[in-house]
Structure formats: structure tokens, C-alpha cells
Amino acid sequence: MDMKRDYYEDVQLFESNVVLFWTVVLLVFLFTLPLYVPSYRFSLFNLVLVHVILAVGLNILVGNTGQISLGHAGFFAIGAYGTTLLMTKLGLPFVLALPLAAFISSAFGFILGLPALRLEGPYLSIATLGFGLTVTHIIGHWDFFGGRTGLQVPPLDLGGGFILKTDVQKYYLILIITIFLVLSARNLLKTRVGRAFVAIRDSDIAAEVIGVNLLIYKTLSFAVSAFYAGIAGGLFGFVLGFFNPEPFNLILSIVFLVMIVVGGLGAIAGSIMGATLITILQYSLLKNIKEVPYVGPFMVDISSRWFTVIGLENLNSIVLGLIMIAIVIFEPLGIYGIWLRIKKYWRTWPF
Amino acid sequence: MKGKGRFWAVLFTISSLVLWTGIGLCGAPGFDDKEIRIAAWGPQTGPAAPWGSVARAPAVLAAMINEQGGIHGRKLKHFVRDDQYNPAQTKVVVKELVEKEGIFSFVCGTGSAGGLAVKDYLAQNKVIWVGPATSVKEYVFPVQPYLFSVYPLYEDEGSILTKYVIEKLGIKEIGVVYQNDPYGKNGLDGVRQRLDHLKMKAVAEIPVEATEKDLSSHVLKLKSAGAKAVLMWVHPTTGVVLVKTAATIGYKPQWVASNTLSDFELMNKISGGLWEGIITGAFMLPPDSDDPRVVKYREAAKKYAPEERFGVFFMAGIMFTEPLVEALKRVGKNLSTEAVLKALNSMKNFQGVGPKLTWSPDQHQGSDSIQIWKCGPGGKTILLQDWTVNELAHWKKK
């Protein structure tokens with residue numbers, strides 16, 4: 001059923017009308033979300049979308065090109081600080097500042113891509129790790145970047161005095177950007193460039209032999225990935241309203257990697273599912289359980305008997321960790337793998 | 001490729017349909033006839049977790065009050081949320097609390113970035129915030145109508161401590177170690193304010209990063225500058241490393257530290273007993289004091305939260321909540337946000353276990369005074385000087 005008969009079938013956006021139908025249903029659902037969900041949820045959804053953008057970009061680098069990065073929090077920070085500073089210091093409008101900051105981030109990605117030509121595996125991860133730590137250190141040191149205090153984000157002016165104030169309005173903006181970037185990633189991976197990435201992942205020597213220019217494609221992969229992180233970072237600033245260098249730490253880089261590993265390496269749908277799941281788990285899992293009748297007091301009792309005084313919050317971390325471990329052990333392809341199996345099962349159902 | 005055109009057409013139609021339907025935000029009410037809901041955020045997990053006890057403590061005060069029948073018949077209900085010291089998480093948990101549970105007032109609230117990220121949101125939703133668990137200038141200058149600060153400014157603390165060192169201890173050679181952030185710089189400003197007033201100069205002013213672990217060069221600089229007293233506005237870990245490093249090279253100045261390092265029991269433990277003799281500022285009565293107000297809270301903590309250590313930061317959580325409770329009591333049966341704001345704005349020389357508080361509609365920095373403590377043997381608190389006002393405080397001259 002998945003047999004492709006010609007090239008255009010491989011590159012088309014929708015494999016069938018069924019896929020088209022469900023895509024439209026999903027989009028309608030996403031665009032009408034404020035009708036079903038209370039508005040306080042949207043600062044969480046905005047974070048989810050921001051992380052989706054970043055995870056899709058990171059997956060191009062890690063899943064498709066086979067390079068590793070422990071420095072994506074650095075690109076994320078460059079995007080956030082770049083956008084805010086371009087708007088406040090140079091007075092650029094948002095529509096210019098966001099892509100410009102992303103291009104700055106992607107320039108850094110290009111530079112970081114150069115050592116990737118020589119380094120592999122653990123060595124590359126150390127190089128990128130160093131980059132991520134350096135960025136936040138420099139930002140924290142200079143008052144120009146707001147130092148350790150942080151920066152106040154300007155109002156999100158789309159131009160012509162149209163200012164997005166509420167989370168729901170920002171949600172629509174971020175949603176549209178996310179859809180655009182996800183589609184771009186999908187298209188990119190179906191072109192010559194995308195196939196070159198995959199060739200590098202599978203064997204960079206073989207790729208070079210068949211004519212893939214490693215210098216161009218490895219650095220390009222870093223640059224594209226950093227561009228996505230830059231856009232995500234820029235939007236992240238507006239979701240927060242105020243930020244300092246603290247959140248852009250090593251742990252964040254690792255959480256980003258966790259998102260794509262749990263979601264499924266090398267699959268765009270995997271990045272989306274992984275980013276959504278991890279963000280929601282991290283930000284809202286069990287946070288309110290204390291107030292749930294019966295279950296809440298029971299959990300509090302357990303945690304005060306067996307854990308430290310901090311209590312329930314420990315439980316959150318443990319459950320989050322267990323879910324991640326379980327997914328990676330039982331489904332190496334991540335959530336995307338589970339999705340594939342469900343699809344396969346229904347394809348032959350009821351036979 | 002025909003799918004593509006159709007796709008964009010559909011996308012465009014949907015987005016133009018729903019894009020600009022503005023949905024106004026509104027918080028759920030923070031109280032009803034039975035209860036008043038208050039809440040605090042703070043790091044409960046992650047590296048900053050030791051500061052999380054501040055956020056948990058108001059629950060003890062709430063339990064005490066509820067046992068006596070509540071405030072004018074309404075019980076206090078306290079919510080705690082973990083934000084892992086991450087402003088993104090602060091924003092998510094605060095919004096959820098305000099719009100889902102309905103919060104009348106926040107108390108405590110640890111972490112300056114998280115606080116700055118949510119303060120405007122709280123004001124827009126008319127949620128009061130009393131006693132942020134840190135001193136941030138942006139919280140009080142210019143005045144924020146819904147935010148009432150209890151914590152003394154680090155600047156005033158610096159000024160008062162410097163005066164004490166010069167006048168009471170008679171030490172003229174003063175060195176300063178400050179963390180390279182607003183906390184440290186405000187402390188430094190206070191030291192400078194006092195020294196400028198006395199036409200003196202510090203012998204050394206050394207910035208440190210919170211992440212620095214090897215401080216031997218800083219200690220040598222202090223030693224060679226001949227500092228006989230060293231004032232520090234640093235992270236607890238940095239403070240311990242400084243004192244330990246100095247001890248290994250036999251350099252023994254009088255160490256003087258900010259109130260954030262005044263948890264003597266803890267500091268003495270992690271410094272291996274070296275904290276003894278160190279002088280710090282303090283923003284409330286010592287938790288091991290025999291003052292009846294403190295004893296009352298200590299007993300309550302033993303009863304309602306036996307697993308908690310009744311240290312400085314736990315008691316601080318109660319201290320930050322006291323003025324709100326007082327305002328709620330003064331308002332009486334007809335509770336409303338406006339009435340409580342009015343009561344808070346007219347608070348004059350109110351004192352619980354913290355400093356004297358005075359708020360007015362155009363001044364929400366409640367306190368200008370600190371106590372001065374000394375760490376005694378085994379982490380016991382020795383009170384050196386009772387509440388002291390910074391007579392040079394710039395913000396009070398108007």
C-alpha cells in the first residue's frame with residue numbers, strides 16, 4: 001500500500017485523500033481550540049508549539065543527519081535575546097526581528113557545524129555542549145544583554161499597532177508559524193538536500209563517495225537546525241514576557257534531546273508528538289493532584305511517608321523519568337513507532 | 001501537487017474565520033463564603049529546591065488560623081506550586097492557579113525572574129501579591145498597585161551593616177565580595193552609600209559569578225588589600241567556599257554576610273563549623289528565639305508540619321504572610337479585593353515577627369530596617385543589634 005510508483009508520489013504533500021481529510025480535521029481542531037479549552041491553558045500550549053518548532057529543527061540535525069547537539073539551548077537563547085534586543089535596541093518591527101535573530105542563530109549554527117566535519121559522536125557532543133554553556137555565560141556577563149537580571153520583552157506588535165496581548169492571540173501567531181515551519185521541514189527532507197542529510201547519517205564516507213559535499217551539507221544541517229531553534233527562542237521570549245539566562249541551561253538542551261528521542265528520531269511527526277508529550281508532562285503533570293479528592297491526600301500521605309518534605313513534587317520527577325525510560329525501552333522508535341504500529345494494525349483490521 | 005493549493009485554501013479560510021476572535025481573560029474569584037484561597041510558587045525540585053520551604057510555610061499559618069475558626073468565618077486555603085526556579089514554569093502554574101482555582105492573593109513567591117514574568121499578569125487580573133520572598137527593585141519602584149513588599153532592600157542592608165562594622169566593631173578596612181547580579185550589586189550600592197557618607201572607600205570590591213567554585217585568587221586579593229572585614233552578597237555556596245578558602249591560608253577577617261546567608265543551622269553544617277562568629281543581616285526575629293510570637297509559630301509548625309525544619313526560610317514564609325492575614329482581619333466580613341488593598345495601603349508600623357511595615361498608596365516598599373545577628377556555637381543565633389533603620393535610605397526622601 002505504501003508502494004510508490006513514481007517520483008511525484010514520493011514528494012507530494014498528502015499521500016491520499018484520507019490523509020488530507022484528517023489533516024484538515026486536525027487543523028480545524030487546532031484553530032478552534034479556544035472554543036473548547038479554557039484560556040489559561042494557552043500559555044502551556046504556546047510553550048508546546050515553541051518546543052515543537054525546536055524539536056522539528058533538532059530532529060533534522062540529530063535524526064536525519066546523524067549529528068548530535070547538546071548546545072541547542074544556546075541557539076534557543078540567541079533567538080530569544082536576538083529578537084528582543086533587535087526590537088528594543090534597534091527598534092525593528094517583530095516581523096523583521098524574528099527572522100533576523102533566527103538568521104543570526106543559524107550563522108552560529110554554521111560556525112558550530114565546522115568542527116562537526118572532524119568530530120563525531122561523543123567528541124562532537126562535547127564541542128556543542130561547550131557552545132551552549134558559553135552562550136549563556138556571555139549573556140549573563142554583559143549588561144547589554146540584561147545580565148543575570150534578564151530582559152523585559154517588548155509588546156508583540158505585528159505592525160500597524162496591532163498588538164497581540166492575550167495568550168490566545170499569541171497562540172494563533174505561533175500556530176501559523178509552527179505549521180509553516182513543519183511543512184518547510186517536511187518539504188526540505190524530500191528534496192536533494194534532505195536525501196543528502198540521510199546519506200550522511202547512514203555513512204558519511206559513502207555519502208562523500210557518491211558526491212555529497214560534506215562541508216556544505218553538514219554545516220547546512222547545523223544552520224537549518226539553529227534557524228528553527230532561533231525562531232522558537234524568539235517566540236519563547238514573547239510567551240514568557242520576561243526572561244533571564246537561567247532557563248537556557250544544559251538541562252534544557254538535554255530535555256530537547258529527550259523530546260526527539262522519546263518522540264522518534266528522524267520523523268517529523270515524532271518530534272511533534274515528543275515535544276508535546278514531554279512539555280505537557282514537565283509543566284503540568286501531577287501539578288494539581290494535591291487538590292484532587294481522595295487521590296490527592298493519599299499521594300501526599302505516601303510521599304510524606306516515603307519521600308522528603310518536598311513531597312509530591314518528587315513524585316512528578318519520578319513519574320516523568322519512568323515514562324521516558326519506559327518509552328525508550330519498549331519502543332525504540334519512540335512514540336512515532338507506537339503510532340506506526342497502531343496504523344499497521346488498523347490497516348488489516350478485522351483480518 | 002494539487003493537494004497543496006487545496007490545503008492552503010482551507011488553512012486560509014479557517015484562520016481568517018477564527019483568527020481575530022478575541023477572548024478576554026478573567027480570573028476566577030479568589031474567595032467565597034467558606035474560604036479564601038492564597039498561593040505561593042517556589043522551587044520544590046531542582047538545584048534551587050532548598051529555598052522552596054518558604055512557599056510551604058504559609059500552610060502552617062493557614063492551619064493555625066483555620067483551627068481558630070478562620071478569618072471572619074472564612075478558612076484560608078493555601079496552594080503550593082513547583083516552578084523549578086524557571087520563569088516559564090512560573091507563568092504556567094500561576095496562570096492555572098489564577099484562572100482555574102481562583103486565587104485571592106499570592107504570598108512569598110521565590111525567584112526574581114519568575115516574579116518579573118508574572119507581576120503584570122497578576123496586576124491585570126487584580127490578584128494581590130504580598131511579601132515576595134526576595135528583594136527586587138522593579139517590584140517596588142515604581143510602585144505596583146497590587147504588589148506589597150516586605151523584604152528589606154539589600155541596599156539598606158548594606159548600608160546598615162557597613163555602619164555597624166565601622167562604628168561598633170571599629171574596623172575601617174572593608175572589603176566587599178558581591179555576586180555579579182542585581183542582588184550583589186544592590187548590596188554593594190548600600191556599602192558605597194554608607195562609605196561615601198563617611199567619606200571613606202572600600203579597600204577591595206570583588207565581583208563573583210554564582211557558578212564560580214575556585215575563589216582562591218579572590219581571597220588572596222582581599223588579603224593583600226588588607227581587608228579586616230569582608231562583606232558579602234553572594235550565593236550560600238560561594239559564601240562557604242570563601243570562608244573555607246580563607247581559613248586554609250590563615251586569613252581571618254570579620255566576615256559579614258547578607259540575610260540570605262542567615263540560616264545559621266544550615267550554613268554552620270555545610271561549612272563544617274566555620275560559620276561560627278560570622279555576622280549577618282536578618283529580616284525577622286531568630287527562629288530559635290524565646291519571643292512568644294516565634295514560640296507560637298514554632299509550636300504550630302511542630303504540630304502541622306512535623307517533618308519541616310523550622311529554619312529561617314521556613315519561618316520567613318509565615319512572616320511574609322502575616323501582613324495579608326492582618327489586612328484580611330481588618331477588612332471584616334465584607335471581603336473584596338478593593339477593601340484589602342485599602343487595608344494594606346493604610347498599614348502603618350504593623351509588626352509581626354518581621355520588621356515594622358508601613359505601606360501607603362505611593363510606597364509599597366514596606367520595611368527599611370534589619371536586625372544584626374551573629375552565628376554562635378552550633379549554629380545558635382546571637383542577636384547583636386535589634387531592628388535598625390537605614391537613615392540614609394534614598395527612597396524615603398521625597
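Computed values, structure above
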| read-out | value |
| --- | --- |
| Verdict on residue A:18 being at the interface with chain B (Cβ under 7 Å from one of its Cβ atoms), over 18 Å from residue B:117 (Cβ atoms), part of a helix (DSSP H, G or I) and more than 19 Å from the chain's Cα centre (by Cα) | no |
| Residue in region B:51-65 that is at the interface with chain A (Cβ under 9 Å from one of its Cβ atoms) and modelled with pLDDT under 85 present | yes |
| Top-ranked residue in region B:191-238 [being over 24 Å from residue B:250 (Cα atoms), at pLDDT 90 or above and within 29 Å of the chain's Cα centre (by Cα); ranked as surrounded by the most Cβ atoms within 10 Å (Cβ to Cβ)] | B:191 |
| Yes/no for residue A:48 being touching a residue at least 24 places away in the same chain (Cβ under 8 Å), surrounded by 16 or more Cβ atoms within 10 Å (Cβ to Cβ) and part of a helix (DSSP H, G or I) | yes |
| Evaluation of residue B:256 against (1) buried (at least 22 other Cβ atoms within 10 Å of the Cβ); (2) in contact with a Leu (Cβ under 6 Å, 6 or more places away or on another chain); (3) over 20 Å from residue B:158 (Cβ atoms) (one fails), failing number | (3) |
| Test: residue A:208 is among the acidic types (Asp, Glu), at pLDDT 90 or above and more than 18 Å from residue A:319 (Cα to Cα) | yes |
| Condition check for residue B:308: surrounded by fewer than 21 Cβ atoms within 10 Å (Cβ to Cβ) and either modelled with pLDDT under 90 or of a type in the set (A, V, I, L, M, F, W, C) (or both) | yes |
| Test: residue in region A:29-40 that is under 19 Å from the mean Cα position of the chain (by Cα) and part of a helix (DSSP H, G or I) | yes |
| Region B:87-97, residues that are at the interface with another protein chain (Cβ under 7 Å from one of its Cβ atoms) and touching a residue at least 40 places away in the same chain (Cβ under 8 Å) | B:93 |
| Complete set of residues in region B:33-64 that are in a strand (DSSP E or B) and either within 24 Å of residue B:114 (Cα to Cα) or hydrophobic (A, V, I, L, M, F, W, C) (or both) | B:36, B:37, B:38, B:39, B:40, B:41, B:42 |
| Residue that is modelled with the highest pLDDT [pool: residues in region A:302-351 that are loosely packed, with under 13 Cβ neighbours inside 10 Å and of a type in the set (D, E, K, R)] | A:341 |
| Unmet criterion (only one of (1) more than 18 Å from the chain's Cα centre (by Cα); (2) assigned to a strand (DSSP E or B)) for residue B:338 | (2) |
| Condition check for residue B:123: modelled with pLDDT of 90 or more, under 30 Å from residue B:303 (Cβ atoms) and in a helix (DSSP H, G or I) | no |
| Neighbours by Cβ (under 8 Å, 6+ apart or cross-chain): first from region B:98-127, at the interface with another protein chain (Cβ under 9 Å from one of its Cβ atoms) and under 18 Å from residue B:336 (Cβ atoms); second of a type outside the set (Gly, Ala, Ser) and not in a loop (DSSP other than H, G, I, E, B) | B:98/A:40; B:98/B:121; B:98/B:122 |
| Residue match in region A:173-183 (condition: of a type outside the set (A, V, I, L, M) and either within 17 Å of the chain's Cα centre (by Cα) or part of a helix (DSSP H, G or I) (or both)) | yes |
| Every residue from region A:156-167 that is in contact (Cβ under 8 Å) with a residue 60 or more places away in the chain, part of a strand (DSSP E or B) and out of contact with any Lys or Arg (no Cβ under 7 Å at 6 or more places or on another chain) | A:157 |
| Meets criteria (on the phi < 0 side of the Ramachandran plot and in a helix (DSSP H, G or I)) for residue B:80 | no |
| Total residues in region B:289-312, condition within 20 Å of the chain's Cα centre (by Cα) and either closer than 29 Å to residue B:166 by Cα or not in a helix (DSSP H, G or I) (or both) | 5 |
| Residues (of a type in the set (S, T, N, Q) and either more than 11 Å from every other protein chain (Cβ to nearest Cβ) or touching a His at 6+ places or on another chain (Cβ under 6 Å) (or both)) located in region A:151-184 | A:178, A:184 |
| Any hit, region B:21-31, residues being touching a Phe, Trp or Tyr at 6+ places or on another chain (Cβ under 6 Å), facing chain A (nearest Cβ under 9 Å) and under 18 Å from residue A:38 (Cβ atoms) | no |
| Residue within region A:248-271 that is crowded, with 20+ Cβ neighbours inside 10 Å, among the aromatic types (Phe, Trp, Tyr) and farther than 24 Å from residue B:79 by Cα present | yes |
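Here is a yes/no grid of residues against (1) buried (at least 19 other Cβ atoms within 10 Å of the Cβ); (2) within 22 Å of the chain's Cα centre (by Cα); (3) hydroxyl-bearing (Ser, Thr, Tyr):
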{"residue": "A:162", "(1), (2), (3)": "no, no, no"}
{"residue": "A:166", "(1), (2), (3)": "no, no, yes"}
{"residue": "A:170", "(1), (2), (3)": "yes, yes, no"}
{"residue": "A:185", "(1), (2), (3)": "yes, yes, no"}
{"residue": "A:197", "(1), (2), (3)": "yes, yes, no"}
{"residue": "A:206", "(1), (2), (3)": "no, no, no"}
{"residue": "A:213", "(1), (2), (3)": "no, no, no"}
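Residues checked against (1) more than 24 Å from residue B:211 (Cβ to Cβ); (2) free of Cβ contacts under 8 Å to residues at least 12 places away in the same chain:
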{"site": "A:98", "(1), (2)": "yes, no"}
{"site": "A:125", "(1), (2)": "no, no"}
{"site": "A:131", "(1), (2)": "no, no"}
{"site": "A:142", "(1), (2)": "no, yes"}
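Okay, residues lined up against (1) assigned to a helix (DSSP H, G or I); (2) in contact with a strand residue (DSSP E or B) (Cβ under 6 Å, 6 or more places away or on another chain); (3) surrounded by 14 or more Cβ atoms within 10 Å (Cβ to Cβ):
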| residue | (1), (2), (3) |
| --- | --- |
| A:91 | no, no, no |
| A:102 | yes, no, yes |
| A:108 | yes, no, yes |
| A:119 | no, no, yes |
| A:124 | yes, no, yes |
| A:130 | yes, no, yes |
| A:134 | yes, no, no |
| A:148 | no, no, yes |
| A:154 | no, no, yes |
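The values are calculated or read from the model by the stated rules, or taken from the named source; none is laboratory data. None of these values were measured; they are calculated from a predicted model. Using ideal geometry, Cβ is built from the backbone for each residue, glycine included, and neighbour counts are taken over all protein chains shown.
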